[in-house]
1. Any idea which of A:PRO202, A:PRO185 is open to solvent by 10 Å² or more (accessible area, probe 1.4 Å) and modelled with pLDDT under 95?
2. Residue under question is A:ASP293, and the condition is that it be of a type in the set (Asp, Glu) and in contact with a Leu (Cβ under 9 Å, 6 or more places away or on another chain); does it hold?
3. Before we move on, is A:GLY310 at positive phi and of a type outside the set (Ser, Thr, Tyr)?
4. Has the range B:252-260 got any residue that is in contact with a helix residue (DSSP H, G or I) (Cβ under 6 Å, 6 or more places away or on another chain) and among the acidic types (Asp, Glu)?
5. Going through the range B:22-44 one residue at a time, which ones are open to solvent by 40 Å² or more (accessible area, probe 1.4 Å), at pLDDT 95 or above, outside any loop (DSSP other than H, G, I, E, B) and of a type outside the set (S, T, N, Q)?
6. When you scan the range B:62-83, do you find a residue that is of a type in the set (Val, Ile, Thr), in contact with a Pro (Cβ under 8 Å, 6 or more places away or on another chain), away from ligand 2 (no atom under 16 Å from the Cβ) and touching a residue at least 40 places away in the same chain (Cβ under 8 Å), even just one?
7. Give the residues of the range B:305-328 that are in contact (Cβ under 8 Å) with a residue 60 or more places away in the chain and more than 25 Å from B:LYS354 (Cβ to Cβ), sorted by residue number.
8. Given the options A:ASP66, A:ASP123, A:ASP100, A:ASP118, name the one that is out of contact with any helix residue (DSSP H, G or I) (no Cβ under 8 Å at 6 or more places or on another chain), modelled with pLDDT under 80 and either open to solvent by less than 50 Å² (accessible area, probe 1.4 Å) or not assigned by TED's automatic domain parsing to the domain that holds A:GLY19 (or both).
Amino acid sequence: MSEMIEIIVDDKTYRAEEGSLLIDLLIREEIKVPYFCYHESLGADGNCRMCMVEIAGQKRPQIACDTLVKSGMEVNSKSTKIEKVHTDILELELINHPVDCPTCDQAGECSLQDLYMDYGLHDAKVTIVDKVKHDKKVDLGSNVMLDQERCVLCARCTRFTDKITHTHELGIIGRGDEAKVSTMPGRKLDNPYAMNVVDLCPVGALTSKDFRFHQRVWFLQSAESICHGCAKGCNIYIDHNKMKYQDDVIYRFRPRRNDAVNGFYICDEGRLSYKELETNRLESMLYDGVVVDEHEAIAQYKSLLTQYQGRVSVVIDANLYSEEIEAIVAYAERIGAKVFAPLECYNDPSFADDMLKSAQRAANYGAIVKMGLETNMPSDAGLIINFNHPTHFNAEAEIHFSTHKQESNALLLPMAAFSENSGSLINEVGLEQWCEKAVEKNSPAPTVLSWLEKVEG
Amino acid sequence: MREVAIVSRKFAVENSHTLSVAQAHGAYKTLEKLHTLAPLEIIEIIKESGLRGKGGGGAPAGAKWALMPQESERPSFVVINCDESEPGTFKDRQIITKDPHLLIEGILITCYAVKAKHAYVYIRGEYAQYQDVLQGAVDEAYVAGILGEVDVTLHRGAGAYICGEKSALLESLEGKRGHPRLKPKQPEPEWYFGNPTLVNNVETIASVPFIMEHGAAAYRAYGTEKSPGTLLFAMSGHVEKPGVYEAEFGVSMMDYINHYGGGMKNGKKLKAVIPGGASTGVMTAAEADNVQLDYESLRSMGLSLGTGGMIVMDEDTCMVSVLKNLLEFYHEESCGQCTPCREGTGWVDKLVGKILDKRGSSEDIDKLLEVAETMNGKTICVFAPAVSAVIVSFLSRFRDEFEAAL
Ligand SMILES: Cc1cc2nc3c(=O)[nH]c(=O)nc-3n(C[C@H](O)[C@H](O)[C@H](O)COP(=O)(O)O)c2cc1C
Ligand code: SF4
Ligand code: SF4
Ligand code: FES
């Protein structure tokens, strides 16, 4: 690590590592400078020219994303002169922009829109005769749609496919104001992380086919959670909303920055896994394929338990929260049942890569390993009480707490999904992380803990 | 005017592009002497000669050579800039067609001095037929064993003006889009695939054999104190004999135009001169009357000498349409990275188009200057500032013509 030095920004003193990027300091200290092209994971490209600041002793304004911090440096980010520079460049940025915010999905989370407001360009002096026309609906592949007119050519998306995924599908073709983002001839955007370019895009040029036109972002509420796609434990936001007279539903997962786990990104499969939480859910209690009410279900539960006394096995899904697993283990002890947490079914080497995706496809894999639970199922179970484990095990009788519908004659009891509950998870390397409850359904399925109370009550 | 032929000495010789003729006229003589000197001694001679880069910037060549590492684990490269796309400039093609062996000789000296074993010549895409001549000369030199352990590779550009900018040129040579790179924080060589690289203009390198043969003082005997030596100045436009004629720095512009260009075409009156390629601004006839052709004189007028390719315009020229013509070029050629340049070049082109169509208002002139200001000093390379300076030079000198067109 280099020496820590002091620099002055807008008359205040800050400490920073000598030789680090000035823009990192501005971002960290929440000193507002406009910018499009810089991104902490992609580095400086210096193309948008928006992040200009004044530096004492320098004749011309300098871009903060390509300025190295030096001891005693004096920076001005707010002078009238520099604000005029910001306004002027922004004005140029807008001359060929379609300004179609009312129909743009980025509206509300768009850097260009925010800056437009900040720099007071409300009375557009923009009187350009003919705007440059481009394609507004390019299907790049992997659920990503491109509107070339909205693009500010910051090259974040192309740098992502060059530097992060090394798949090189995207490029900028053409010169000057005819320049536009495109895929390489004959190729589609096609890599397991492709949809991250939608988050990277500072404007509404790249939108997700999966999300666009479904919801205005300002209606969405975000909960901090962990993706359940594998044991990596990528941090996400669950964006959801309950519209009037409707149920609370999830509209998207978004990556949440965590440098110790996933950085800025998540894989597409994990991103789209929210859909599973909204489809094919088990909504009613069933016994032998027939709907039963809670009273009948609990009576049936108890009778099965009595019938198989001494021959009961409890099976635990490695996606349940640690708090749930602990409560189930304690419950099993009280009823004299054996506990199993078979892990084999989660192992999927074909899913794994060297970026984020793990071969262990269970979010609380680390907890099962840490608790040392038995992972080998016996073949001679009498009654199995299955807490959402994905495998169907042979037994004389079965009680199945399940988030999703099952083809089964067992006593099927619907339970809350992870998004409808809070709890902690341990990832494959032993890191413990917390998930907030995101969704409050109109008629929520009970959580594991409330089920245990019900059946013991 | 004192006649001088340093780079153009074999231009009048028939078939001088062939090895035998070139050698009969002294080509490659300096190579015998080369190995009696150490590389650093050669760099010292180049420094003493005051040789300045002839690609437009006029940067001292010796200092640039000295940035190249003499000890390096990575291979060093020499890249010759023959992109020559600046409107009004057509001198380098004279060298590669009329005396390609002079360039090759210069390349060999340069490679020896900066310890490079491989030189590239990046040639403007449209110069296919000139490239063939140069390639023929390189082939002959290979066969004759003249190149020694140096390889010379010709690389043809794809027709982008910006690829003449040295870092964009290197990006292009690496097989990427020709986008200028962010400038380094302190003086350092250029980098080709991460290897130290020297980029010089064709004419710069073609001037090196003379200096090797006759010494730094002989070169300094021409030109001015700060702009020593000669340049392949050129003329196009409304003159009787447009063409490329070598002259020493410091000659009077009008003497040059009258002496070599035979004066104005059809006896018309001079109206304006673009002194050294499109990006150098414009001057009035009165200014042209009093200016000397060297870097400092032009700089003091707020213009630049550039490549010395003068565009001469007579009294019938419409300055609004000249500016429009130039701006169309820049609009087409901006690489498109930097917002002010990508969007600005289009905007100014459209604004001047509006004025030319008599649809303009005085606000459009103000806007033009305002956009020019935003394009100045805020971009990765000097393309946008040059466009800005061109606009300012036109409006500060011929504003009445723009106003008359409203
Ligand atoms: C937009 C632009 C275009 C340029 N085009 C050329 C060119 O065609 N030929 C050239 O030699 N230099 C050109 N240059 C200058 C080069 O960047 C570089 O300074 C030069 O090749 C260095 O060689 P020199 O020092 O021998 O002149 C251009 C610069 C800019 C900014
Ligand atoms: S599509 Fe978005 S991320 Fe890509 S260059 Fe355009 S604005 Fe930047
Ligand atoms: S100033 Fe213009 S030509 Fe130069 S890098 Fe920027 S956009 Fe490209
Ligand atoms: S963020 Fe610095 S130039 Fe774009």
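The values are calculated or read from the model by the stated rules, or taken from the named source; none is laboratory data. Small disclaimer: the values here were computed from a predicted structure and weren't measured. Because the Cβ atoms are built from the backbone with ideal geometry, glycine has one as well, and the counts that use them run over all protein chains shown. When the accessible area is computed, the model is the full protein with side chains, heavy atoms only, and any ligands, DNA or RNA have been set aside. Shrake-Rupley method; radii C 1.70, N 1.55, O 1.52, S 1.80 Å.
1. Checking each option against the conditions leaves just A:PRO185.
2. No; evaluated as a whole, the condition is false for this residue.
3. yes
4. no
5. Hits for the range B:22-44 are B:ALA24, B:LEU40, B:GLU41, B:GLU44.
6. No.
7. Within the range B:305-328, B:LEU305, B:GLY306, B:THR307, B:GLY308, B:GLY309, B:MET310, B:VAL312, B:ASP314 meet the criteria.
8. Only one candidate qualifies: A:ASP123.
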